[in-house]
Structure formats: structure tokens, C-alpha cells
Number of protein chains: 2
Amino acid sequence: MAKEILVGVDLGGTSLLAIATNTEGKILGEKKRKTRAKEGASAVLKRIAETIRDTVHGAGARLKNVRAIGLGVPGPLDPKTGVVLHAPNLGPTWNNLPVAAYLSETLGCPVYLANDVNVGAIGEYALGAGKGFRNLVAIFVGTGIGGGIILNGKLYRGTRCSAGEIGHTILMADGPLCGCGKRGCAEALASRTAIEREIRAGILAGQESLIPTIMEELGRESMSSSVIATALEQGDALTQDVVARAEYYMGLLVASIVNVLDPEVVVLGGGVVERLGTSYIEPVRKTAERYYLNQLDKDRIHIVETQLKGYAGVLGAAILADQSWKRAQKPKATKPT
Amino acid sequence: MAKEILVGVDLGGTSLLAIATNTEGKILGEKKRKTRAKEGASAVLKRIAETIRDTVHGAGARLKNVRAIGLGVPGPLDPKTGVVLHAPNLGPTWNNLPVAAYLSETLGCPVYLANDVNVGAIGEYALGAGKGFRNLVAIFVGTGIGGGIILNGKLYRGTRCSAGEIGHTILMADGPLCGCGKRGCAEALASRTAIEREIRAGILAGQESLIPTIMEELGRESMSSSVIATALEQGDALTQDVVARAEYYMGLLVASIVNVLDPEVVVLGGGVVERLGTSYIEPVRKTAERYYLNQLDKDRIHIVETQLKGYAGVLGAAILADQSWKRAQKPKATKPT
């Protein structure tokens, strides 16, 4: 068997998903593990390597058949050196960590890193809701709000590979404090964390809510997307009000991004969007369309839900690995003689 | 003489500037006229053609020496067909107007159109404050707020050539009404129009201000950038307060754009910025730096004043004309046999 297997890994703060695909993006095998970030970077890196090995074997292949491995990481990194600069969700042991070097040495395959939301955008662009478009913006709503930008068919990384921090667009000057320490960012208004904060504030202020009961019944300590969705289904007025506001802010964010970047399609994904589905997308679209500068954009710009859901990141990572590997094979361009 | 002259024209609501340059961007001649938009599109187009002819002759050249003409237009247009879709500042006769076809027929030279702020961005990128950088965002503050985006050394136009509407990034959900009909756009908070509105509101509310006297002395009916600058120089407290707020909002806008696009340089231009200079740039920079997601960006991202000032647009238009002309000369790529 030739080197025809690609591996994509999505490293999250809670769990770790790996897939093996063929060169057409068909999934041949997958493994999911807990990240156990508290055990520190060495233990997590070892676990990633094991998971990749298991995934490849589970797909009936061997490591020597692996063309390249792509890893989506939740934090800033240097794609050239394969070093993760830092990763707040993984803890302080992830500072200036040569992740690609460690994994490629351990596994004997080339390893390429990218930001987790960027690989999500690549996945949706190549195989999901963005198929057939050239300019795409992907926005992932969960604990935070992340984004990936595809322009003219290519991932736009920016000058220092930190483009796409759409969650830190300021939507409300002097608004609520954001996890980043500033005020009024989209993330502070429309993320799951923001929704949770508002619902807790409402309950503290004495508003009735089914949320505490639902959390107890589902055995959750944090207000997950499932808790929020269940409360909406049961007609909880406080949750309906808070989520409607979050959707409104997300609509303003989409409109701002459309006015600046003029994409063909905006893909919305992440825990909250996947769990709420159409009931989330529709009000976001309504607000966004009202705020487009060019009202013709209503009929031209697609605001759609992620198609690959939890697989956008791993598929994007595998695709990015393949692209990077191909680029590395090419001889440097020389002048024609 | 070979076809070595380029012409750049910047068509504004009030005035019309044309230059002739050599292929290195050296200005060989220039003419400025009133636009007199009220006379309607036919009269204005005739005036543009005359101005171009005069400019070329004034540079000691002839129309047959002109390689290409670039025209910056204040409104959406189709660069492929050379049709201006509409131009609110020029009036209703500018709907679906085949401007490039008319001018190229009248003058016998190829004519290329672009949005006026986009040509401003190209000018600064190629010959001004953005020289040597690859990723640049230009923001022009005047009656409105416009923007141009250069990514990887190329003008980013977006899917329908409407990218760069940075003035319609929403900075304050449900904020003041904008000229576009929506609420809370940067333009409604930080443009000259927004500054004027706030100062007038302050005066109506009974605050003391030197503004009415200054306007009378300068013989102005509208609150021009010069009026605002004079009031600041004379220590007018109301104007100081209002301008400080506008600068703060502009800082938030710059930070939002940096977080999304990760450019190397943000060039600020337009009437307000040019008139206020460093005293405007410094507070904008201070706020922007506070709002960068990545605090390392403080030392990496340059926020600078336009260098070409009123010439950014015409020089950019001439450069764009040259680029478009060169592209038109190239034979279509064919596969090597």
C-alpha cells in the first residue's frame, strides 16, 4: 500500500478526536479520547500519538502508509516550525511546545499544525456547507467564539497567523467584560459562556427558570448546549429571552463581517449552533440581513449551518496535512532556462 | 513617445482631481475641478473627459501616449463591465451608468474603474505609508468612513466587489442611527458627520462652544474638518469631548479589524485625520492597542497616518489602471505542450 492515508486530529480542552481518511476525504477509521489536559503536555502528547496509532491500525493501515498528519490546536501556533505558542484551554505546560517535532519523531510521519477553528473552516469549505464557494467565513460558537476565513479558495492566516479572531470584534462599546479582558466583544455577548452568565444573573435576580432542575436531571454542573436546548424546548422564558439576545448579537456580528469581507457564505457551527439548529440560524439570518449595507446581499449571501458538525475540524486537519505535504514535495520554482 | 503615461482620476461629490504620471508613479501634471454633480451625469462625464485631456496636455503629452486611465468612483460598481451601479453622493443620474465605455470611447484610451477608497488603499500600499508591507487596511474618515483592504499584496475586492465597508462594522449594538439606515455602525460614531451631530446636540443642550463663531468667521455652513480643528486648537471643551469619543470608537474599530484580519499596517486617512494629524492618531492607537486580542501586536502593528493625503486616490487609480492594462495584455495561460 502506498502512502495514501491521511490523519486528522482535533485537539480540544475536553476531548481528542482522530480520523484516518483516504485522499478523497473518506473516513476509514476514528478514535475519540478524553484529553485529560490536567496531566500536562507530555502525557497529552503521548496520548495523541497513541490515539493516532490506534486510529491508523483501526482503519486497517500502518503508520508507514500515512502520508501526513494534521493537528488542529486550540491556540496560537507557528505553522512553519510546528510550535504551539500557548493554549489557554490546555494549561500552562503548553507554552512554546514543539508539538509537530515530537509527534513526527514518535510516529515517523510529517505532522502539520493549524488553529482548530481554521481547520474547521477548511473542512466546511472543502467537504461541507462551503463546497463550491470561493469566499467563506466560518464562525464557531461554544465556550468562546472562533472564526476561520477562506478567501479566493485559500485559508487566510494573516500576517502572524492570528487572523480570524472574529469573536473579538467589538459589538458593544463598553459592554460586558469578555474572557479576553476587554469589553463588549462578540464572545462576551453571544457565546455559550455569555448565555450562561446572563441566565445565572436572571436567576439571581429572582426570575423563574427551569434551568436548575434541568441541570440536576441531566447531571450537569455547567450549562451545556444540551441544557440550554432542553430549557428552550420546555418553553423556559428566561432562556428564550437570553438566547434571543445572543442570536441578535450573532446577527450583528455576521452583518459586520459581511460588510467588511463580502463572502459568499457564512457557515455557523460549534456546540450551541449544532444543538439549536434551524431555530438558531433563522433569527441570526434575519438580523444579519437587516444590517447588510447592500440590501441586495439578502439574496446573495448564504448563512448556513455547518454540515460536518463535529467532523469539520478533523477533516479540515487531514485536508490541510495533504495540502502541506504536497507543497513540501514540490521542487522550488526555478526560472525557465 | 510610447504609451508611457498613466492617468488617475479621483471623482468626489464636491471636486474632481486628475493626475498624469509616468510608469514609476511620478506626477507629471494635475488638474482639479468642481464636480458640479447637480448638473447630472452627462455633464459630469463630459467634464471628467475634458479634465483628463487638459491634464495630459498640461503634462506635455498627448492622449495617444496614455497607456490607461483609472477612475476612483464614490460608490459600488462592476469593474469588469466598467458600469457604476449607483453613487449616492453624485445623485440619481448615476444608476447603472457605463462610465468606462463612455470615457474610453471619447478619449480613445482603456479606462478602468474602482471604488474611491479602494484606490486610496492601493495608493498608500504602493507609494505611501504602506510601502513594503503585504497586508494593509486603509480607513478613510470624512463625511462617512470607508475602507480598503490589501491582502498578500493584492486589493481584496470580495465576492461582489463590495468588500471593505469597514465604516459599517457595528460597534455599538442599538447605537445611534447611521446614514445607512441601521444603528451603531462605526460611521455613526466616528465620522465627521457623527462628530458634527454630537457637537450640534451639545450646543442645543445648552453647552458653551466656540463652534458657531468659528463657522461664521471661516464662512462655513457645515462643520468641516477645519472648523473642528480650529475649535480644538482654541481649547473648545465640547469639541474636545466629542472628538475624544470619536477617536475612542475609531480605536475600537481598528482593534476589531486587527483581530479579524491580522494586518501589518493600518493606514488612517481622509479629511478629519489629515487635518488633526498626530493628535488624532495617538489616542486611536492607544485604544486600539488596549483592545488587541494578542498583546504582542502592540509592537508589531503599525497604525499610521496616510502619507499621500489627497493624492492617495489618484495615484492608486493610476497604479490600478497600469495593473489592469498589463493583465489585459497577457495572453491567456495555456498548458505547456
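The values are calculated or read from the model by the stated rules, or taken from the named source; none is laboratory data. This is a predicted model, so every value here is computed, not measured. We place every Cβ from the backbone using ideal geometry, glycine too, and count neighbours over all the protein chains shown.
Quick one: what pairs do we get from region A:63-74, first residue among the charged types (D, E, K, R), second crowded, with 24+ Cβ neighbours inside 10 Å, C-beta under 6 Å, 6+ apart or different chains?
Taking only residues 6 or more apart or on different chains, the pairs are A:ARG67/A:LEU6.
Anything in region A:94-117 that is assigned to a helix (DSSP H, G or I) and either buried (at least 16 other Cβ atoms within 10 Å of the Cβ) or within 22 Å of the chain's Cα centre (by Cα) (or both)? List them, or say none.
Result: A:TRP94, A:VAL99, A:ALA100, A:TYR102, A:LEU103, A:SER104, A:THR106, A:LEU107, A:ASP116, A:VAL117.
So which residues in region A:29-51 are under 18 Å from A:GLY310 (Cα atoms) and either among the charged types (D, E, K, R) or surrounded by fewer than 17 Cβ atoms within 10 Å (Cβ to Cβ) (or both)?
Correct list: A:GLU30, A:LYS31, A:LYS32, A:ARG33, A:LYS34.
One line per residue, one yes/no per condition, for (1) under 17 Å from B:ASP116 (Cα atoms); (2) in contact with a helix residue (DSSP H, G or I) (Cβ under 7 Å, 6 or more places away or on another chain):
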residue: B:GLU264; (1), (2): no, no
residue: B:TYR291; (1), (2): no, yes
residue: B:ALA321; (1), (2): yes, no
residue: B:PRO331; (1), (2): no, no
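Filter region A:240-294 for residues that are without any contact (Cβ under 8 Å) to a residue 40 or more places away in the chain and within 12 Å of chain B (Cβ to nearest Cβ) and give the result.
Residues satisfying the conditions are A:TYR248, A:ALA255, A:ASN259, A:VAL260, A:ALA288, A:GLU289, A:ARG290, A:TYR292, A:LEU293, A:ASN294.
Could you tell me which residue of region B:149-178 is nearest to the other protein chains (Cβ to nearest Cβ), considering only residues that are under 19 Å from B:LEU252 (Cβ atoms) and of a type in the set (Gly, Ala, Ser)?
B:ALA173
Let me confirm something: among A:LEU11, A:LEU28, which residue is out of contact with any His (no Cβ under 9 Å at 6 or more places or on another chain) and farther than 21 Å from A:VAL73 by Cβ?
Every option except A:LEU28 fails the conditions.
Residues are listed down the side, and each one gets a yes or a no for (1) touching a Lys or Arg at 6+ places or on another chain (Cβ under 6 Å); (2) not assigned by TED's automatic domain parsing to the domain that holds A:CYS185:
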position	(1), (2)
A:ASP236	no, no
A:GLU247	no, no
A:GLY270	no, no
A:GLU274	yes, no
A:ILE281	no, no
A:ARG290	no, no
A:LEU296	no, no
A:ILE301	no, no
A:ALA317	no, yes
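Only one residue in B:ARG67, B:ARG47, B:ARG53, B:ARG134 is assigned by TED's automatic domain parsing to the domain that holds B:VAL254 and either over 18 Å from the mean Cα position of the chain (by Cα) or assigned to a helix (DSSP H, G or I) (or both), so which one is that?
Going through B:ARG67, B:ARG47, B:ARG53, B:ARG134 in turn, just one is assigned by TED's automatic domain parsing to the domain that holds B:VAL254 and either over 18 Å from the mean Cα position of the chain (by Cα) or assigned to a helix (DSSP H, G or I) (or both): B:ARG134.
Please verify whether region A:122-131 includes one or more residues that are within 9 Å of another protein chain (Cβ to nearest Cβ) and touching a residue at least 12 places away in the same chain (Cβ under 8 Å).
no
Is it fair to say B:THR143 is polar (S, T, N, Q), surrounded by 20 or more Cβ atoms within 10 Å (Cβ to Cβ) and at pLDDT below 95?
Answer is yes for this residue.
Give the number of residues within region A:132-148 that are closer than 18 Å to B:ILE257 by Cα and either within 8 Å of chain B (Cβ to nearest Cβ) or hydroxyl-bearing (Ser, Thr, Tyr) (or both).
Count: 2.
Condition first: in contact with a His (Cβ under 9 Å, 6 or more places away or on another chain) and either part of a helix (DSSP H, G or I) or of a type outside the set (A, V, I, L, M) (or both). Now tell me which residues in region B:279-332 satisfy that.
Those that are in contact with a His (Cβ under 9 Å, 6 or more places away or on another chain) and either part of a helix (DSSP H, G or I) or of a type outside the set (A, V, I, L, M) (or both): B:TYR291, B:TYR292.
Testing B:SER209 on (1) in contact with a Leu (Cβ under 9 Å, 6 or more places away or on another chain); (2) crowded, with 18+ Cβ neighbours inside 10 Å; (3) polar (S, T, N, Q), one condition comes back false. Which one is that?
(2)
Condition first: modelled with pLDDT of 95 or more, facing chain B (nearest Cβ under 10 Å) and under 30 Å from A:VAL258 (Cβ atoms). Can you find one or more residues in region A:199-214 that meet it?
Checked against the condition, which is being modelled with pLDDT of 95 or more, facing chain B (nearest Cβ under 10 Å) and under 30 Å from A:VAL258 (Cβ atoms), region A:199-214 yields no hits at all.
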